[in-house]
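The values are calculated or read from the model by the stated rules, or taken from the named source; none is laboratory data. For clarity, every value in this text was computed on a predicted model and none was experimentally measured. Cβ: placed from backbone, ideal geometry, glycine included. Neighbour counts: every protein chain shown. For the accessible areas, the whole protein counts, side chains as well, though only heavy atoms, and no ligand, DNA or RNA atoms are used. Shrake-Rupley method; radii C 1.70, N 1.55, O 1.52, S 1.80 Å.
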Amino acid sequence: MDLAFCSFSSGSSGNCYLVKSDSTNILVDAGISGEKIVDNLRVFDMSIRKIDAVVLSHEHWDHTRSAQMVQRLAVYSNCYATCGTLEGMGDKAERLPKDRLVKIHNKESFMIGDIEVKSFPISHDALDPVAFTLKRNDKKIAIVTDTGCITDDIQEEIKDSDLLVIESNHEENILLYGKYPYYLKRRILSDKGHLSNEAAGNCICKFLKDSNKQKPPRILLGHMSKENNTPKQAFLTVRNILEEDGYYVGKDLLLDVLEKGIMTDLIFL
(Lines give C-alpha, C1' and ligand atoms only; values in the text may rest on other atoms or scores of the structure.)
Protein backbone atom coordinates (compact mmCIF):
# COMPACT_ATOMS: atom_id res chain seq x y z
CA MET A 1 0.00 0.00 0.00
CA ASP A 2 1.39 3.39 -1.00
CA LEU A 3 -1.34 5.60 0.48
CA ALA A 4 -4.83 5.23 1.91
CA PHE A 5 -7.47 7.81 2.84
CA CYS A 6 -10.47 7.91 5.14
CA SER A 7 -12.79 10.79 5.96
CA PHE A 8 -13.92 10.75 9.59
CA SER A 9 -16.15 13.77 8.98
CA SER A 10 -16.41 16.57 6.44
CA GLY A 11 -18.75 19.51 6.82
CA SER A 12 -19.37 22.89 8.35
CA SER A 13 -19.53 21.43 11.87
CA GLY A 14 -16.41 19.27 11.83
CA ASN A 15 -13.59 18.04 9.61
CA CYS A 16 -11.04 15.29 10.12
CA TYR A 17 -9.27 13.02 7.63
CA LEU A 18 -6.87 10.11 8.03
CA VAL A 19 -4.07 9.63 5.49
CA LYS A 20 -1.84 6.62 6.01
CA SER A 21 0.83 4.35 4.61
CA ASP A 22 1.95 1.04 6.05
CA SER A 23 4.13 2.82 8.60
CA THR A 24 2.82 6.41 8.90
CA ASN A 25 -0.54 7.76 10.12
CA ILE A 26 -1.51 11.43 9.71
CA LEU A 27 -4.64 13.30 10.73
CA VAL A 28 -5.45 16.25 8.50
CA ASP A 29 -7.39 18.55 10.84
CA ALA A 30 -8.99 17.49 14.10
CA GLY A 31 -12.32 19.29 14.09
CA ILE A 32 -14.50 16.56 15.60
CA SER A 33 -14.69 15.26 19.15
CA GLY A 34 -11.73 13.37 20.51
CA GLU A 35 -14.02 10.49 21.42
CA LYS A 36 -15.13 10.22 17.78
CA ILE A 37 -11.54 10.21 16.55
CA VAL A 38 -10.64 7.42 18.97
CA ASP A 39 -13.72 5.38 18.02
CA ASN A 40 -13.08 5.79 14.29
CA LEU A 41 -9.48 4.67 14.63
CA ARG A 42 -10.65 1.55 16.46
CA VAL A 43 -12.55 0.53 13.32
CA PHE A 44 -9.11 -0.07 11.78
CA ASP A 45 -7.77 -1.65 14.99
CA MET A 46 -5.67 1.47 15.50
CA SER A 47 -4.83 3.15 18.77
CA ILE A 48 -4.60 6.93 18.79
CA ARG A 49 -1.02 6.40 19.96
CA LYS A 50 -0.29 5.28 16.40
CA ILE A 51 -0.97 8.79 15.06
CA ASP A 52 2.34 10.30 13.97
CA ALA A 53 1.13 13.83 13.27
CA VAL A 54 -1.78 16.23 13.05
CA VAL A 55 -1.59 18.87 10.32
CA LEU A 56 -3.94 21.84 10.71
CA SER A 57 -5.27 23.79 7.75
CA HIS A 58 -6.42 26.85 9.75
CA GLU A 59 -7.62 27.92 13.17
CA HIS A 60 -11.41 27.64 12.87
CA TRP A 61 -13.08 25.43 15.47
CA ASP A 62 -14.41 22.91 12.94
CA HIS A 63 -10.80 22.07 12.07
CA THR A 64 -8.96 22.35 15.41
CA ARG A 65 -11.47 21.30 18.06
CA SER A 66 -9.56 18.24 19.30
CA ALA A 67 -5.99 19.13 18.36
CA GLN A 68 -4.95 19.45 22.00
CA MET A 69 -6.59 16.16 22.98
CA VAL A 70 -4.91 14.27 20.12
CA GLN A 71 -1.55 15.67 21.20
CA ARG A 72 -2.22 14.59 24.76
CA LEU A 73 -3.14 11.00 23.85
CA ALA A 74 -0.91 10.49 20.81
CA VAL A 75 2.23 11.02 22.86
CA TYR A 76 4.63 10.53 19.94
CA SER A 77 2.82 12.80 17.48
CA ASN A 78 3.74 16.28 16.28
CA CYS A 79 1.32 19.08 15.42
CA TYR A 80 2.04 21.04 12.21
CA ALA A 81 0.51 24.48 11.68
CA THR A 82 1.34 27.90 10.24
CA CYS A 83 2.22 30.77 12.57
CA GLY A 84 -1.05 32.46 11.60
CA THR A 85 -3.06 29.37 12.49
CA LEU A 86 -1.37 29.15 15.89
CA GLU A 87 -1.99 32.85 16.51
CA GLY A 88 -5.63 32.42 15.56
CA MET A 89 -6.00 29.47 17.93
CA GLY A 90 -5.03 31.70 20.86
CA ASP A 91 -4.99 29.91 24.22
CA LYS A 92 -5.61 26.54 22.54
CA ALA A 93 -2.24 26.80 20.79
CA GLU A 94 -0.58 27.70 24.09
CA ARG A 95 -1.73 24.37 25.52
CA LEU A 96 -0.14 22.31 22.73
CA PRO A 97 3.14 20.60 23.77
CA LYS A 98 5.89 22.99 22.68
CA ASP A 99 8.41 20.23 22.01
CA ARG A 100 6.02 18.60 19.51
CA LEU A 101 4.82 21.74 17.76
CA VAL A 102 6.18 22.31 14.25
CA LYS A 103 5.63 25.68 12.58
CA ILE A 104 5.21 25.47 8.81
CA HIS A 105 5.05 27.99 5.99
CA ASN A 106 3.12 28.34 2.76
CA LYS A 107 4.50 26.26 -0.11
CA GLU A 108 6.67 24.24 2.26
CA SER A 109 7.32 20.53 1.78
CA PHE A 110 8.21 18.34 4.74
CA MET A 111 8.38 14.65 5.53
CA ILE A 112 6.22 12.90 8.11
CA GLY A 113 7.49 9.35 8.22
CA ASP A 114 7.48 8.13 4.62
CA ILE A 115 4.82 10.62 3.43
CA GLU A 116 5.77 13.94 1.83
CA VAL A 117 3.39 16.73 2.83
CA LYS A 118 3.18 20.09 1.09
CA SER A 119 1.22 23.10 2.30
CA PHE A 120 -0.03 25.79 -0.05
CA PRO A 121 -2.18 28.92 0.42
CA ILE A 122 -5.94 29.04 0.06
CA SER A 123 -8.35 32.00 0.15
CA HIS A 124 -10.33 32.03 3.39
CA ASP A 125 -11.10 34.40 6.26
CA ALA A 126 -8.43 32.95 8.52
CA LEU A 127 -4.97 34.28 9.43
CA ASP A 128 -2.78 32.00 7.30
CA PRO A 129 -4.89 29.14 5.92
CA VAL A 130 -3.40 26.31 3.85
CA ALA A 131 -4.43 23.20 1.98
CA PHE A 132 -2.29 20.08 1.69
CA THR A 133 -1.02 17.50 -0.73
CA LEU A 134 0.33 14.22 0.60
CA LYS A 135 2.56 12.03 -1.57
CA ARG A 136 4.26 8.68 -1.35
CA ASN A 137 6.03 7.12 -4.34
CA ASP A 138 3.81 7.95 -7.34
CA LYS A 139 0.56 8.35 -5.36
CA LYS A 140 -0.81 11.76 -4.38
CA ILE A 141 -3.74 13.01 -2.29
CA ALA A 142 -4.90 16.65 -2.30
CA ILE A 143 -7.26 18.09 0.33
CA VAL A 144 -8.66 21.55 -0.48
CA THR A 145 -11.52 22.96 1.57
CA ASP A 146 -12.38 26.35 3.08
CA THR A 147 -11.43 28.47 0.12
CA GLY A 148 -13.64 31.09 -1.49
CA CYS A 149 -12.01 30.72 -4.88
CA ILE A 150 -9.67 28.43 -6.80
CA THR A 151 -6.47 30.24 -7.74
CA ASP A 152 -4.03 29.21 -10.45
CA ASP A 153 -1.63 28.17 -7.66
CA ILE A 154 -4.22 25.83 -6.14
CA GLN A 155 -4.98 24.36 -9.54
CA GLU A 156 -1.27 23.74 -10.09
CA GLU A 157 -0.74 22.12 -6.68
CA ILE A 158 -3.61 19.63 -7.02
CA LYS A 159 -2.58 18.57 -10.53
CA ASP A 160 -2.08 14.83 -11.06
CA SER A 161 -3.61 13.84 -7.74
CA ASP A 162 -4.96 10.30 -7.53
CA LEU A 163 -7.51 11.43 -4.94
CA LEU A 164 -8.84 14.97 -4.58
CA VAL A 165 -11.03 16.22 -1.74
CA ILE A 166 -12.55 19.47 -2.98
CA GLU A 167 -14.97 21.73 -1.15
CA SER A 168 -18.52 21.75 -2.52
CA ASN A 169 -20.08 23.83 0.21
CA HIS A 170 -23.31 25.28 -1.14
CA GLU A 171 -25.73 25.53 -4.03
CA GLU A 172 -25.71 29.23 -4.77
CA ASN A 173 -29.46 29.67 -5.32
CA ILE A 174 -30.30 27.79 -2.12
CA LEU A 175 -27.94 30.07 -0.21
CA LEU A 176 -29.22 33.27 -1.86
CA TYR A 177 -32.88 32.53 -1.16
CA GLY A 178 -32.31 30.82 2.18
CA LYS A 179 -32.70 32.04 5.75
CA TYR A 180 -29.10 33.10 6.41
CA PRO A 181 -28.67 36.82 7.22
CA TYR A 182 -27.26 38.98 4.44
CA TYR A 183 -23.83 39.48 6.04
CA LEU A 184 -23.33 35.70 6.32
CA LYS A 185 -24.40 35.15 2.71
CA ARG A 186 -21.88 37.78 1.63
CA ARG A 187 -19.16 36.12 3.66
CA ILE A 188 -19.81 32.65 2.20
CA LEU A 189 -20.05 33.95 -1.37
CA SER A 190 -16.90 36.08 -1.13
CA ASP A 191 -13.43 35.12 -2.33
CA LYS A 192 -12.59 34.51 1.36
CA GLY A 193 -15.58 32.25 1.95
CA HIS A 194 -16.50 28.85 0.59
CA LEU A 195 -16.73 27.14 -2.80
CA SER A 196 -20.10 26.58 -4.42
CA ASN A 197 -21.05 23.37 -6.20
CA GLU A 198 -20.57 25.17 -9.51
CA ALA A 199 -17.09 26.42 -8.56
CA ALA A 200 -16.14 22.90 -7.47
CA GLY A 201 -17.35 21.50 -10.79
CA ASN A 202 -15.34 24.03 -12.77
CA CYS A 203 -12.24 23.26 -10.71
CA ILE A 204 -12.64 19.54 -11.35
CA CYS A 205 -13.02 20.12 -15.10
CA LYS A 206 -9.70 21.97 -15.23
CA PHE A 207 -8.13 19.36 -12.96
CA LEU A 208 -9.15 16.61 -15.37
CA LYS A 209 -7.94 18.60 -18.37
CA ASP A 210 -4.51 19.05 -16.76
CA SER A 211 -4.17 15.46 -15.51
CA ASN A 212 -1.60 13.07 -16.94
CA LYS A 213 -2.82 10.09 -14.92
CA GLN A 214 -3.85 6.99 -16.85
CA LYS A 215 -6.27 5.80 -14.17
CA PRO A 216 -9.44 7.84 -13.49
CA PRO A 217 -8.91 9.92 -10.33
CA ARG A 218 -11.12 9.69 -7.27
CA ILE A 219 -12.92 12.97 -6.51
CA LEU A 220 -14.65 13.52 -3.16
CA LEU A 221 -16.93 16.52 -2.64
CA GLY A 222 -16.54 17.80 0.92
CA HIS A 223 -17.22 20.48 3.53
CA MET A 224 -20.90 20.57 2.62
CA SER A 225 -23.32 23.02 4.24
CA LYS A 226 -26.22 21.42 6.08
CA GLU A 227 -28.49 24.40 5.37
CA ASN A 228 -27.53 25.35 1.81
CA ASN A 229 -26.78 22.06 0.09
CA THR A 230 -27.59 18.37 -0.01
CA PRO A 231 -25.40 15.45 -1.09
CA LYS A 232 -27.72 14.79 -4.02
CA GLN A 233 -27.71 18.44 -5.11
CA ALA A 234 -23.92 18.69 -4.96
CA PHE A 235 -23.46 15.48 -6.95
CA LEU A 236 -25.98 16.47 -9.64
CA THR A 237 -24.65 20.01 -10.10
CA VAL A 238 -21.05 18.87 -10.37
CA ARG A 239 -21.94 15.95 -12.64
CA ASN A 240 -23.89 18.24 -14.97
CA ILE A 241 -20.96 20.66 -15.24
CA LEU A 242 -18.60 17.77 -15.95
CA GLU A 243 -20.83 16.34 -18.67
CA GLU A 244 -21.18 19.74 -20.33
CA ASP A 245 -17.38 19.73 -20.58
CA GLY A 246 -17.26 16.16 -21.93
CA TYR A 247 -16.28 14.31 -18.72
CA TYR A 248 -18.30 11.38 -17.43
CA VAL A 249 -18.51 9.84 -13.98
CA GLY A 250 -17.38 6.23 -14.06
CA LYS A 251 -15.33 6.76 -17.21
CA ASP A 252 -13.14 9.81 -16.62
CA LEU A 253 -13.40 10.00 -12.84
CA LEU A 254 -14.96 8.42 -9.77
CA LEU A 255 -17.16 10.94 -7.96
CA ASP A 256 -18.52 10.66 -4.42
CA VAL A 257 -19.83 12.95 -1.70
CA LEU A 258 -18.46 13.18 1.84
CA GLU A 259 -21.26 13.64 4.34
CA LYS A 260 -21.10 15.33 7.71
CA GLY A 261 -20.38 12.93 10.56
CA ILE A 262 -20.25 9.86 8.31
CA MET A 263 -17.03 7.88 8.21
CA THR A 264 -15.99 6.49 4.85
CA ASP A 265 -14.32 3.19 4.13
CA LEU A 266 -10.55 3.22 3.84
CA ILE A 267 -9.73 4.10 0.21
CA PHE A 268 -6.51 2.48 -1.00
CA LEU A 269 -4.46 4.08 -3.77
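Roughly how many Å² of Ile174 are accessible to a 1.4 Å probe, to the nearest 10?
60 Å²
Which residue, Asn197, Asn169, Asn229, has the most motion in a Gaussian network model of the chain that connects Cα atoms within less than 10 Å?
The residue with the greatest mean-square fluctuation here is Asn229.
With a point put 7 Å past each Cα toward its Cβ, work out how far Asp114 is from Tyr182 in nm, to one decimal.
In this crude spin-label approximation the distance works out to 5.8 nm.
Pick from Asp252, Asp138, Asp62: which is most flexible by mean-square fluctuation in a GNM of the chain where alpha carbon atoms under 10 Å apart are linked?
Highest fluctuation among the options: Asp138.
With a cap of 14 neighbouring Cβ atoms within 10 Å, and only residues DSSP puts in a loop, list the chymotrypsin sites (Phe, Trp or Tyr not before Pro) found in the range 31-81.
Passing sites in the range 31-81 are Phe44, Tyr76.
Considering the chain as a Gaussian network with a 10 Å cut-off on Cα pairs, which listed residue, Ala30, Ala74, Ala234, attains the greatest mean-square fluctuation?
The residue with the greatest mean-square fluctuation here is Ala74.
Order His60, His194, most accessible first, counting only protein heavy atoms with a 1.4 angstrom probe.
The residues order as His60, His194, largest area first.
How far is helix 231-244 tilted off the main Cα axis of the chain, in degrees rounded to 10, range 0 to 90?
60 degrees
DSSP loop trypsin sites (Lys or Arg not before Pro) in the range 82-156 with at most 14 other Cβ atoms within 10 Å of their Cβ, which ones?
The qualifying sites are Arg95, Lys107.
Compute the angle between helix 197-210 and the longest alpha-carbon principal axis of the chain, please, reported from 0 to 90 degrees and rounded to the nearest 10.
Helix 197-210 sits roughly 80 degrees off the main axis of the chain.
To the nearest 20 Debye, how big is the dipole of the range 111-176 about its Cα centre, given +1 on the beta carbon of each Lys and Arg and -1 on that of each Asp and Glu?
Rounded to the nearest 20 debye, it is 320 debye.
So how much accessible area does Phe235 have, in Å² to the nearest 10, using a 1.4 Å probe?
Solvent-accessible area, nearest 10 Å²: 50 Å².
Ignoring ligands, DNA and RNA, what accessible area per residue does the chain give at 1.4 Å, in Å²?
44 Å²
Taking only pairs that are 8 or more places apart or on different chains, how many Lys pairs in the range 119-208 have Cα atoms under 25 angstrom apart?
Lysine pairs satisfying the spacing and distance rule in the range 119-208 number 10.
How would you classify the range 1-140 from its alpha-carbon gyration tensor, with a ≥ b ≥ c the square roots of the eigenvalues: rounded for a/c under 1.5, else prolate if a/b is greater than b/c, otherwise oblate?
Rounded, since a/c falls under 1.5.
Tell me the angle of helix 34-43 to the major Cα principal axis of the chain, expressed in degrees between 0 and 90 and rounded to the nearest ten.
Roughly 80 degrees between the two axes.
Leaving out ligands, DNA and RNA, and with a 1.4 Å probe, what % of the accessible surface on the chain is carbon or sulfur?
Carbon and sulfur: 46 percent of the exposed surface of the chain.
Using a Cα distance threshold of under 20 Å, what count of lysine pairs results for the range 1-98 when pairs must be 8 or more residues apart or interchain?
5
I'd like the accessible area for Val238: 1.4 Å probe, protein heavy atoms, all chains in place, Å² to the nearest 10.
Counting only protein heavy atoms, the figure is 0 Å².
Distance between the C-alpha centers of the range 112-174 and the range 50-106? Whole Å please.
Spelled out, the Cα-based centre of one part sits 19 Å from the other.
Suppose we look only past 19 Å in the calculated P(r) of the range 178-254. What percent of the Cα-Cα pairs does that tail hold?
Everything past 19 Å amounts to 41 percent.
Only helical DSSP H runs with n ≥ 4 go in: add -39500 (n - 2.57) per run for the chain, normalise by residue count and round the 222 nm mean residue ellipticity to 500 deg cm²/dmol.
Helix-only estimate at 222 nm: -8000 deg cm²/dmol.
What chymotrypsin sites (Phe, Trp or Tyr not before Pro) in the range 167-213 are in a loop by DSSP, with at most 14 other Cβ atoms within 10 Å of the Cβ?
Within the range 167-213, the qualifying chymotrypsin sites (Phe, Trp or Tyr not before Pro) (loop, at most 14 other Cβ atoms within 10 Å) are Tyr177.
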